[in-house]
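Written out below as C-alpha cells is the structure these notes cover.
The values are calculated or read from the model by the stated rules, or taken from the named source; none is laboratory data. Everything numeric in this text was worked out from a predicted model, so none of it was measured. Backbone-built Cβ (ideal geometry, glycine too); neighbour counts: all protein chains shown.
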Amino acid sequence: MTPIKLAIVGLGKIARDQHIPAATANDDFELVAVASPRSTLDTVPSFPSIEELLAAIPDVTAVALCTPPQVRYETARYALEHGRHVLLEKPPGVTVGEIQDLAELALSQDVTLFASWHSRHAPAVEPARAWLAHRRPHSIKITWKEDVRVWHPGQRWIWQPGGLGVFDPGINALSILTHIIPGVYRLCAADLSYPTNCDTPIAAHLLLVGPRSVPTNIELDFLYQGPPAWDILIETDAGPLHLSNGGHQLHLNADPQPLPNCTEYTSLYAHFASLIHQHRLDVDISPLQLVADAFLSGRRIPVPAFVE
Ligand code: NAP
C-alpha cells in the first residue's frame, strides 16, 4: 500500500523525541515535511507555517499537530478544511467546544480526526482495562507528581491561559483513568494552587465520584523533586491494581505482571494509520471535560510565584 504522506507541525520536544522516530519507523507513513515558526529539520523540507507547507507540497495527506495547545485549533481547522487527516497531540485543544467543532468539520470533510492520548497507549493500560472489566472497584487514588523544571524547562506556554499548568501532565492520568474505568466522573471538589505570576495551576487536589459511585482522589504536583510519581492505585473486590510509571508497570495483588513489548507512540501511529484506512474518527473529550470541570468549580489558592 502507498504510504500516507505525513507532515509534522510544531517541531518542539515531543515532535523530536517521539513523533519523528515513531512516524519514520512506521511503513504506513512517509514523513515528507515539517512546519514550525523557527525550528527546522535537516532531513525533510521545513516551512514556517502549515499554509506554506501545504502550498509547496500539496500531496501531504495527513498532519500531526505537536504545537502548544493554544495554537492548535486554527492549524487543525486549516488542515481539515483542506481535506487532510489530522492527529492532535494531547490535550486536543484549550476548550471543549473547539474539539467538538473540529470533529464536526472532520465528519463533513470525510477525513480522520484523531484526538490522541498517548498515555492510553502505554503497555500496562490495556491489560489493566481488561482485568478491571470483571472487577468491582471500591476506591481510586491517583498520584501524579513531577518536577516541571526537569520535564518542561523553559516552556512558558504551560503557564499561559490554555496551557493547563499541572494538568498538562495530570491529563495523562485522567486519560488513562477514563479509559480503564469508562463512565461518568462527577467532580465534587477541587483545590487549585496558582503561583501569583501564572495563569494556570502548579498543583491540584480533586475529589470525584466515578462510575458505580467509586470515590476517586487525585493529587497533582508540578514541583515534586526526585523521581516522578505517576501512579494509579485501584482497590477492587479482587484486590488492588497498581499502575505505576505512567502506565508502564502493572501489579495485581502486589504481583508484577508481564506486559507487551511496545512503546506509546509506536502504538499511537499504528492507530492513526488504521483510523485513516477505515475512514474513522477517534475523539474522546472526557479527560479535557474533567479539567474543564475543575477550572469551573475549583477553589483558587494563591501560592508563591514560580521561578524556573
Ligand atoms: P515545545 O517543546 O514547547 O514545542 C512546541 C513547538 O511548537 C515549538 O518548537 C514551536 O516551534 C512550535 N510552535 C509554536 N507555535 C506554533 C505555530 N503557531 N505553528 C507551528 N508550530 C508552532 O512543547 P512540547 O513539549 O513539544 O509540547 C507540545 C505538545 O505536546 C503539548 O500539547 C504537550 O502537552 C504535548 N506533549 C508533550 C510531551 C513532553 O514530554 N514534552 C509529552 C507528550 C505530549 P519553534 O521551535 O519553531 O518556535
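Taken together, the residues in region 56-80 that are among the β-branched types (Val, Ile, Thr) and surrounded by fewer than 21 Cβ atoms within 10 Å (Cβ to Cβ) amount to 4. Based on this model, can you work out whether Thr43 counts as more than 15 Å from the ligand (Cβ to nearest atom) and of a type in the set (S, T, N, Q)? Here the answer is yes, as Thr43 does meet what is asked.
Is region 132-139 home to any residue that is without any contact (Cβ under 8 Å) to a residue 24 or more places away in the chain, part of a helix (DSSP H, G or I) and more than 12 Å from the ligand (Cβ to nearest atom)? No: region 132-139 contains no residue that is without any contact (Cβ under 8 Å) to a residue 24 or more places away in the chain, part of a helix (DSSP H, G or I) and more than 12 Å from the ligand (Cβ to nearest atom).
Considering every residue within region 107-120, establish whether at least one is surrounded by fewer than 24 Cβ atoms within 10 Å (Cβ to Cβ), within 16 Å of the ligand (Cβ to nearest atom), in a helix (DSSP H, G or I) and free of Cβ contacts under 8 Å to residues at least 40 places away in the same chain. Within region 107-120, none of the residues are surrounded by fewer than 24 Cβ atoms within 10 Å (Cβ to Cβ), within 16 Å of the ligand (Cβ to nearest atom), in a helix (DSSP H, G or I) and free of Cβ contacts under 8 Å to residues at least 40 places away in the same chain. Exactly one condition in (1) part of a strand (DSSP E or B); (2) under 30 Å from Leu290 (Cβ atoms); (3) in contact with a Pro (Cβ under 8 Å, 6 or more places away or on another chain); (4) not acidic (Asp, Glu) is false for Val32; which is it? Here Val32 meets the rest and fails (2). Consider only pairs whose beta carbons are under 6 Å apart and that are at least six residues apart or on different chains; among these, list those whose first residue lies in region 263-280 and is in contact (Cβ under 8 Å) with a residue 24 or more places away in the chain and hydroxyl-bearing (Ser, Thr, Tyr) and whose second residue is surrounded by fewer than 22 Cβ atoms within 10 Å (Cβ to Cβ) and outside any helix (DSSP H, G or I). Close Cβ pairs satisfying both conditions: Tyr269/Asn26. Filtering region 134-158 to residues that are surrounded by 23 or more Cβ atoms within 10 Å (Cβ to Cβ) and not β-branched (Val, Ile, Thr) leaves Trp144, Glu146.
Residues in region 151-163 that are more than 9 Å from the ligand (Cβ to nearest atom) and either modelled with pLDDT of 95 or more or on the phi > 0 side of the Ramachandran plot (or both): Trp159, Gln160, Pro161, Gly162.
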